[in-house]
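Written below as structure tokens is the structure these notes are about.
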Amino acid sequence: MTAKLILGTEIREQILAEVADEVKQIKANHGVVPGLVTILVGENPASISYVTLKIETAHRLGFKEVQDSQKVDITEAQLLGLIDKYNKDDSIHGILVQLPLPKHIDEKKVLNAIDPDKDVDGFHPVNVGRLMIGGSEVKFPPCTPAGIQEMIVRSGVETKGAEVVVVGRSNIVGKPIANMMLQKGKGANSTVTIVHTATKNLDFHCKRADILIVAAGVPGLVKPEWIKPGACVIDVGVNRVGEKVSEKTGKKIAILRGDVDFDAAKEIAGSITPVPGGVGPMTITMLMKNTLNSLKFKLGI
Ligand code: NAP
């Protein structure tokens, strides 16, 4: 069997088109657009390229986008002051602080200072609590897990009663996606198992999965014989395993591999995400959706 490919690059375009349509309607009916501020401290090249992509996407959707770049020696008090300013700014509906922050700044203190109703990344403890409660309490599901759930739903995979196995228990992927899949409701209602480095018989658990979500950061961790025939496999892992010269630009680029042995796994799974081009493009997409939703919550629509 050759698995159906679940492409983040395609699903991203569907969702962004929906967001752009809603932005146009809200602008016409209410005279406002979603406002997103990104605070970038210092000049970390990976952060700059990620932030650049965020800005391009926000502009494409007709958002108000504020890029607030700060010098690496900004003090913690100054950064907290900035966050306070954007918390009070009515034209801003989403505040994003690009991580990592320099060592002299307490990341937790900064993230916790963001108004939970503008925390479109969904990492504030209030939003983690809302996610745990589920249902209408949820405002901003964290972006990568939200993207994973969209991919599963939009590719027509049945989640109700499905055995979902999540490899990894990080706060940004493993724990939230496990929590989201066990909630009662559409696109969830699954029976969830989380596995990690202390799990005995990793293969036993993976083999039971109707939906296998792998977020370990270990290239090729999941072997093809661990996959149940016909399962949906979501590979979140992004691992740099070398470099190559790009045919397009002639520049050196990273060779990326997922946590699943893709070539062999696609002959067993029913559907599978590739790396790159799978989960990756979904994170910024869901950030845009969360920012739009923040404005909708404010307008009560
Ligand atoms: P993380 O914080 O390093 O967590 C990895 C988790 O996997 C941990 O819970 C760890 O277990 C578990 N794990 C590691 N090796 C394992 C093994 N051999 N067997 C079983 N469990 C194992 O990583 P993360 O932030 O969740 O990210 C995971 C991967 O997803 C990375 O490759 C990252 O680059 C990628 N990622 C992609 C996106 C995207 O595409 N947009 C977003 C976020 C992350 P312990 O808790 O026991 O240590």
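Since every read-out is calculated from the coordinates, none of them should be taken as a lab result. Predicted model only: the values in this text are computed from it and were never measured. Please note: Cβ atoms are built from the backbone with ideal geometry, for glycine as well, and neighbour counts cover all protein chains shown.
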* Structure fact -> Only helices counted: for the chain, with every DSSP H run of 4 or more residues adding -39500 (n - 2.57) and the sum spread over all residues, [θ] at 222 nm is -12000 deg cm²/dmol
* Mind checking the dipole of the stretch 148-301: about its Cα centre, +1 per Lys or Arg Cβ, -1 per Asp or Glu Cβ, Debye to the nearest 20? -> 580 debye
* Structure fact -> Taking a crude spin-label model, label points 7 Å out from Cα along the C-beta direction, the residue 203 to residue 243 distance in nm is 3.7 nm
* Structure fact -> Taking a ≥ b ≥ c as the square roots of the eigenvalues of the Cα gyration tensor, with a/c under 1.5 meaning rounded and otherwise prolate when a/b exceeds b/c and oblate if not, the chain is prolate
* From the cross-link list 4/200; 109/175; 54/108; 64/252; 175/200, which pairs have alpha carbons spaced over 24 Å apart? -> 4/200; 64/252
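Can you bin the stretch 1-66 into rounded, prolate or oblate? Criterion: square roots of the alpha carbon gyration tensor eigenvalues sorted a ≥ b ≥ c, rounded for a/c under 1.5, prolate for a/b above b/c, oblate for the rest.
Since a/c reaches 1.5 but b/c is at least a/b, the shape of the stretch 1-66 is classed as oblate.
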* Structure fact -> Filtered hits (aspartates and glutamates, Cα-Cα < 17 Å from residue 223, offset >= 8 within chain) -> 203, 210, 235, 259, 261, 263, 267
* To do: With θ set to phi - 60°, apply the Karplus curve 6.51 cos²θ - 1.76 cosθ + 1.60 along the stretch 287-296 and write out the HN-Hα couplings as whole Hz, x wherever there is a Gly or Pro.
  => 5, 5, 5, 4, 5, 4, 4, 4, 5, 5
* Can you bin the stretch 116-259 into rounded, prolate or oblate? Criterion: square roots of the alpha carbon gyration tensor eigenvalues sorted a ≥ b ≥ c, rounded for a/c under 1.5, prolate for a/b above b/c, oblate for the rest. => oblate
* So which GluC sites (Glu not before Pro) in the stretch 1-59 end up in coil per DSSP with only 16 or fewer other C-beta atoms within 10 Å? -> 43
* To do: Could you check which residue among 237, 81, 122 shows the biggest mean-square fluctuation in a GNM of the chain with a 10 Å Cα cutoff?
  => 81
* Structure fact -> Simple SL model, points at 7 angstrom along Cα→Cβ for residue 49 and residue 154; separation in nm is 2.4 nm
* Structure fact -> So, over other residues within a Cβ distance under 14 Å of residue 121, counting Lys, Arg +1 and Asp, Glu -1, the net charge is +2
* Structure fact -> Here the gain from full extension of residue 112 to residue 30, 0.36 nm per residue of separation minus their alpha-carbon distance, amounts to 26.5 nm
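So how strong a dipole does the stretch 73-213 carry about its Cα centre when Lys and Arg Cβ are +1 and Asp and Glu Cβ are -1, to the nearest 20 debye?
Rounded to the nearest 20 debye, it is 580 debye.
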* Asked: Counting Lys and Arg as +1 and Asp and Glu as -1, each charge on the Cβ, what is the dipole of the stretch 184-233 about the Cα centre in debye, to the nearest 20?
  -> 180 debye
* **Estimated FRET transfer efficiency when R0 is 22 angstrom, pair residue 90-residue 70 (beta carbons, to 0.05)** => 0.50
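With an 8 Å cut-off on Cα pairs and a minimum separation of 6 or more residues, tell me the relative contact order of the chain in percent.
Contact order relative to length: 22 percent.
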* Structure fact -> In whole angstrom, the spacing between the Cα centers of the stretch 132-155 and the stretch 1-23 equals 15 Å
* Asked: Which listed residue (192, 69, 174) has the Cα farthest towards the positive end of the charge dipole for the chain, taking +1 on Lys and Arg C-beta and -1 on Asp and Glu C-beta about the Cα centre?
  -> 192
